[in-house]
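Comments concern the structure below.
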Amino acid sequence: MTMLDRVLALNAAYARALDAGRLEAWPDFFADDCLYKITSAENVRRGLEAGIVYADSKAMLRDRVTALRTANIFERQSYRHIVGLPSIEPDGVSAETPFLVARIVRGGETSLFATGVYRDRFAGGADGRLLLAERIVVCDSGHFDTLVAIPL
Amino acid sequence: MTMLDRVLALNAAYARALDAGRLEAWPDFFADDCLYKITSAENVRRGLEAGIVYADSKAMLRDRVTALRTANIFERQSYRHIVGLPSIEPDGVSAETPFLVARIVRGGETSLFATGVYRDRFAGGADGRLLLAERIVVCDSGHFDTLVAIPL
Amino acid sequence: MTMLDRVLALNAAYARALDAGRLEAWPDFFADDCLYKITSAENVRRGLEAGIVYADSKAMLRDRVTALRTANIFERQSYRHIVGLPSIEPDGVSAETPFLVARIVRGGETSLFATGVYRDRFAGGADGRLLLAERIVVCDSGHFDTLVAIPL
C-alpha cells in the first residue's frame, strides 16, 4: 500500500467510527504519545496556541469520550464527515486534509456544521496500521458551540 | 487496479451518471440479481427492514427510472453527489462509503439534501468492471420528501 | 504513480492553495498555454460559450489574482473546497471531477457556496508534475455573486 492509500484508509475508518457514534473506538486511532487539538484558522493566524479542545495523551482522549457520553450529545444529533483528498507533505509522515462535517438533528434539519483541515503527523502501529501521532483540527470558522465540542 | 481503486472508479461513475441526469444508465451499475434500498439510520437502529425505496432486480430499477421520468423531477432541480472515502470490509467484496448530496433548485438555492452511507456488496461484471450486487443507502436523516425519492 | 493518484494529488494541492488564500500559487497549476473558464450547467446545455470568468493564458490568470487582491475578497471570507472522485476519461489525459465549495464569512455563517464539476485536460510539466491545460468549471447553479468571482 502506498502512503496515500494508508492515509485514505485511516481517514475513512476514523470518520466512520465517529459518525456511527462509536466514540470509544476514537482514541485507538492515536498513538499512546499523541497530540489532539481543535482550533480555528484565525487562532492559528494570530499565533494563539490554545485550542478549544486539547489532549496530549490517549488517556485524555478517553476522558473526553467519557465526558461526551455523560452529556448525551449523540442521543439528539448525528454527524457526517466528508473527508477530502490528503496532501502528503514532502517528509512522507505528515499530511494536510480538508474535511466538512454535516450535523443532522433528530427530527430536524441537516446543516453544515464545520469545515477545515486536519494537520496530521503519523506513526506506525505495531501491526503496520497507521496511527495519529498528531492531529490538529483547524476549523475555518471560529464560531463553535462550545457545549457540543464533539470530536472532529 | 486495487480493490480501492475499483471502488473509487465505480462510485465516481455512479455519481457522475446521476448528477448529469443520465438516469437510464443507473440500473447498469447493478448486477442482474441485486438489491437496492433507501432507508434511514433510525430505521436500521430500530430493526425496521422496509425502505423508502426498494428494488430487488435490475428490472425494478428500470421501472423506477421510468416513474421518475414521468414525474419530470429532473427538469426543476439537479443534484450533486460528493462521495467520500470507502472503508473496504475485511471480506474484500463489501464496503461502507459516506456520501453527501446537495440539491440545486433551478433559479434558486443550493442546499444540503441528504447525507448518509452506502453499504455495498460488489460483484464482478463480464468485462471485469465492478457491479453493485447490493447497495443499501442509509440516510442520516429520516426526513424525506417522499415525492422526490430520486436515486441516491 | 497511476494517473488516478496524480489527478488526486493535483486536485488536493490546487484546493489547498486556494483555501489557504495562496492565490499567487494558483496560476502555477496551469500550463503556459491554458484555458480556464467558469460557467454554469445551464449555459453548457444552451450551448452558450461565454463564461463568467475566462482566461486563456497563465498571464490572464495572474491578472485575475491581482484584481482579486485589490478587491480584498479574502479578508472578509474564506472558502473550503471538497473535491470528489475523478472520472478519468478513456483518452487518459482528461477527467471530470465533482466539487463542493463552502463559504465561511468571518464572524458569521458557513454555507454552501457552489457545487459543480471540473472538466479538465492535463499536460505534463517539466518535472513530471501534472498541469492543467484546460479547466472548465461547470457550476450547477447559475446564480453567482459576480462581484465575488473567486477562483473555483
Exercise for the section: Inspect all residues belonging to segment B:83-93 and state whether any of them is open to solvent by less than 20 Å² (accessible area, probe 1.4 Å) and in contact (Cβ under 8 Å) with a residue 40 or more places away in the chain. Expected result: yes
Problem - Within segment C:82-98, tally of residues that are outside any loop (DSSP other than H, G, I, E, B) and touching a Phe, Trp or Tyr at 6+ places or on another chain (Cβ under 6 Å) - result: 2
Problem - segment A:94-108, residues that are touching a residue at least 12 places away in the same chain (Cβ under 8 Å) and open to solvent by 30 Å² or more (accessible area, probe 1.4 Å) - result: A:Arg103, A:Val105, A:Arg106
Exercise for the section: Could you tell me whether any residue of segment B:109-123 is under 14 Å from the mean Cα position of the chain (by Cα), farther than 21 Å from B:Asn11 by Cα and either polar (S, T, N, Q) or open to solvent by 60 Å² or more (accessible area, probe 1.4 Å) (or both)? Expected result: no
Handout entry: Any hit, segment C:21-36, residues being within 28 Å of B:Ala17 (Cβ to Cβ) and assigned to a strand (DSSP E or B)
Key = yes
Problem - Any hit, segment B:24-32, residues being among the charged types (D, E, K, R), more than 18 Å from B:Arg121 (Cβ to Cβ) and crowded, with 18+ Cβ neighbours inside 10 Å - result: no
Practice task
State yes or no: is B:Val101 assigned to a helix (DSSP H, G or I), of a type outside the set (Phe, Trp, Tyr) and within 13 Å of another protein chain (Cβ to nearest Cβ)?
Solution key: no
Handout entry: Whichever residue in segment A:1-20 is more than 8 Å from chain B (Cβ to nearest Cβ) and assigned to a helix (DSSP H, G or I) and, among such residues, is most open to solvent (accessible area, probe 1.4 Å)
Key = A:Arg6
Completion exercise
Filtering segment A:63-78 for residues that are touching a Pro at 6+ places or on another chain (Cβ under 9 Å) and surrounded by 18 or more Cβ atoms within 10 Å (Cβ to Cβ) leaves a count of 1
Exercise for the section: Tell me, yes or no, whether segment C:42-62 has at least one residue that is part of a helix (DSSP H, G or I), out of contact with any Pro (no Cβ under 6 Å at 6 or more places or on another chain), hydrophobic (A, V, I, L, M, F, W, C) and within 14 Å of another protein chain (Cβ to nearest Cβ). Expected result: yes
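The values are calculated or read from the model by the stated rules, or taken from the named source; none is laboratory data. Computed from a predicted model, the values in this text were never measured in an experiment. Every residue, glycine as well, gets a Cβ built from its backbone with ideal geometry; the counts of neighbours run over all protein chains shown. Note: areas computed on protein heavy atoms with side chains; ligands, DNA, RNA excluded. Shrake-Rupley method; radii C 1.70, N 1.55, O 1.52, S 1.80 Å.
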